[in-house]
Amino acid sequence: MNIHFIGIGGIGLSALGRFLKHDGHYVSGSDIKSSPITKQLECEGIKVITPHNASIINNQDIVIHSAAVKPNNVEILQAVENGIKTIPRKEALPIVLGDKKNYCVAGAHGKSTTTAILASILKSSTLIGAISKEFDSNFRYVDNLVAFEADESDGSFLLSNPYCAIVTNAEPEHMEYYNYDLKRFYQAYESFLKIAKVRVINAEDEFLGSLDIEAIKLHPSIDITEVSYTLKNGEPYTKFHLKDLGEFEVWGFGYHIAIDASLAILAALNEIPLVEIKDNIKNYKGIKKRFDIVQKSEQFVVIDDYAHHPTEIAATMKSVSLYSNLKNMEKIVVVWQPHKYSRTVNNLEEFKKCFNGCDALVILPVYSAGEEIEEIDFEKEFSSYNPIFADKIKTSDNKIELIKDDKIVYTYTDGIVLGVGAGDITYQLRVK
């Protein structure tokens with residue numbers, strides 16, 4: 001088929017485009033502006049135009065658009081005029097995954113990491129909402145065995161055709177899609193599990209543990225033992241024992257990493273022998289924007305992390321504390337770019353707790369992701385941290401500068417600087 005993607009520069013849609021190209025389809029795309037992803041897609045032979053332009057819509061068989069694209073987009077209007085089938089990303093999943101053996105990972109937290117670990121273990125095709133450092137991409141095409149990061153935020157995980165459904169946790173998130181209806185939210189997770197032949201769950205999640213469903217169950221507090229942490233050439237690793245399967249070692253720091261890896265291991269046992277799992281898991285090298293060490297010296301370390309929910313930030317803080325102890329670095333500075341006003345307001349009390357342990361908290365303007373501005377008194381709400389407010393940061397070798405009103409107000413040259421958020425902070429943390 002001839003398939004066109006509107007918004008192909010996004011992390012999710014670009015993976016689908018790459019996958020379908022390798023599946024034998026002709027793929028083109030567009031986005032509002034050029035980006036590292038669109039440039040890489042062009043290098044891979046996918047025609048990409050920026051900005052959106054109706055002229056690219058001609059004889060396509062189908063047009064697929066991201067959830068962020070509005071109905072009045074010029075390319076959507078042209079496709080409708082031309083009588084071309086036009087569908088959102090989630091409705092395209094059956095086209096991508098319909099004839100594959102899919103190991104689909106869902107959950108509020110940890111699904112990108114779990115999917116990437118699983119892909120490393122299985123040496124399979126994969127579609128991830130992040131960049132795996134093993135193969136430097138959000139996608140890999142090997143064969144019809146697929147490790148897929150399934151998204152609950154828009155209900156699209158129900159269309160992912162799971163052979164095996166893996167759920168890391170079911171903490172309420174993206175509740176606006178579910179009209180803030182917890183029953184509807186939990187029913188979606190239960191439906192996702194029930195359509196799969198094989199199920200792997202974190203049974204210590206309150207909701208998942210309550211389900212009367214046949215599944216491979218992980219009880220972390222019982223099944224994961226002898227957890228320890230080490231640095232190898234400055235890189236973080238977690239060691240642990242899982243049930244009666246022996247010892248495993250995986251890239252990353254933290255108990256949550258052991259949980260994610262354990263879920264991947266238990267799922268992979270359906271496909272390959274234990275000895276292969278123990279060998280293949282060594283291929284996993286982390287994913288970008290997840291405890292991503294973007295700058296490292298004896299005195300100064302910069303870590304980029306996608307954590308944008310209090311639960312995720314608290315877990316990352318624990319990982320950074322472990323890392324600082326092993327590196328003998330005492331100062332931890334957190335640079336937080338809040339992601340969405342709605343998430344910040346809905347989780348404000350937990351956000352006020354999740355930065356405990358930092359020596360300084362820097363708060364950047366909210367990355368709104370298109371939401372209307374809401375008034376939040378950050379100075380009052382986070383007064384216990386005596387936060388520093390900046391408009392942006394500027395990163396160079398062994399230095400991060402805080403910029404306010406176009407002036408440098410503070411400079412960090414030692415300790416650990418952790419940047420958290422799902423907006424453009426990831427680019428601010430990198431040396432230009």
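The values are calculated or read from the model by the stated rules, or taken from the named source; none is laboratory data. These figures come from a predicted structure and were not determined experimentally. Here the Cβ is made from the backbone with ideal geometry for all residues, glycine too, and neighbour counts use every protein chain on show. When the accessible area is computed, the model is the full protein with side chains, heavy atoms only, and any ligands, DNA or RNA have been set aside. Shrake-Rupley method; radii C 1.70, N 1.55, O 1.52, S 1.80 Å.
Tabulated data
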{"read-out": "Gain upon complete extension [residue 407, residue 371; 0.36 nm per residue less C-alpha separation]", "value": "10.2 nm"}
{"read-out": "Check: segment 387-432 dipole with +1 on Lys, Arg Cβ and -1 on Asp, Glu Cβ, in debye", "value": "80 debye"}
{"read-out": "Cut-off 9 Å between beta-carbons: net charge of the residues surrounding residue 207, Lys and Arg +1, Asp and Glu -1", "value": "-4"}
{"read-out": "Among [x] 64, 51, 48; [y] 71, 47, 37; [z] 60, 57, 42, the entry derived from the coordinates for Cα extents along the principal axes in Å", "value": "[z]"}
{"read-out": "Segment 1-62: equivalent-ellipsoid semi-axes (sqrt of 5 x gyration tensor eigenvalues, Cα, Å)", "value": "16, 15, 9"}
{"read-out": "Shape metrics for segment 388-430, restricted to C-alpha atoms - Rg then Dmax, Å", "value": "10.0, 25"}
{"read-out": "Average accessible surface area per residue within segment 98-281, 1.4 Å rolling probe, Å²", "value": "38 Å²"}
{"read-out": "Computed FRET value (nearest 0.05) for residue 350 with residue 2, which takes r as the C-beta separation and R₀ as 45 Å", "value": "0.45"}
{"read-out": "Calculated P(r) of segment 290-427 - Cα pairs past 18 Å, %", "value": "52 percent"}
{"read-out": "Sulfur and carbon atoms: percent of accessible area, the chain [1.4 Å]", "value": "48 percent"}
{"read-out": "Theoretical gain in end-to-end length, residue 389 to residue 231 [0.36 nm per residue, Cα-Cα removed]", "value": "53.6 nm"}
{"read-out": "Loop trypsin sites (Lys or Arg not before Pro), segment 326-430 (other Cβ atoms within 10 Å of the site Cβ: 16 or fewer; DSSP)", "value": "331, 430"}
{"read-out": "Above-threshold pairs, the threshold being 23 Å between Cα atoms, out of 21/85; 123/239; 101/289; 232/331", "value": "101/289"}
{"read-out": "Residue among 319, 368, 160 with the largest mean-square fluctuation in a Gaussian network model of the chain, springs linking Cα atoms under 10 Å", "value": "368"}
{"read-out": "Relative contact order (%) - criterion: Cα under 8 Å, at least six apart; region: segment 270-380", "value": "22 percent"}
{"read-out": "Kirkwood-Stokes translational diffusion coefficient of segment 98-281, alpha-carbon pairs, 37 °C, 0.692 mPa s, µm²/s", "value": "199 µm²/s"}
{"read-out": "Top of 164, 354, 43 by mean-square fluctuation, Gaussian network on the chain, Cα under 10 Å", "value": "43"}
{"read-out": "Unit charges on C-beta of K, R, D, E only; dipole of segment 248-309, Debye", "value": "120 debye"}
{"read-out": "Net charge dipole size for the chain [Lys, Arg +1 and Asp, Glu -1 on Cβ; Debye, nearest 20]", "value": "960 debye"}
{"read-out": "Gain on full stretching of the segment that runs from residue 432 to residue 221 - 0.36 nm per residue minus C-alpha separation", "value": "71.6 nm"}
{"read-out": "Sites residue 204 and residue 26, calculated FRET efficiency, Cβ-Cβ separation with R0 56 Å, nearest 0.05", "value": "0.75"}
{"read-out": "Heavy atoms of residue 81 accessible to a 1.4 Å probe, total area in Å² rounded to 10", "value": "140 Å²"}
{"read-out": "Relative contact order (%) - criterion: Cα under 8 Å, at least six apart; region: segment 1-87", "value": "33 percent"}
{"read-out": "Rounded to 5, percent antiparallel among DSSP beta bridges of the chain", "value": "35 percent"}
{"read-out": "Separation of the residue 270 and residue 285 label points, Cα + 7 Å toward Cβ, nm", "value": "2.9 nm"}
{"read-out": "Local electrostatic count at residue 333 - Lys and Arg +1, Asp and Glu -1, tallied over other residues with Cβ under 14 Å", "value": "-4"}
{"read-out": "Relative contact order of the chain, pairs being alpha-carbon contacts under 8 Å that are 6 or more residues apart, as %", "value": "11 percent"}
{"read-out": "Solvent-accessible area per residue for segment 290-427 (1.4 angstrom probe, square angstrom)", "value": "47 Å²"}
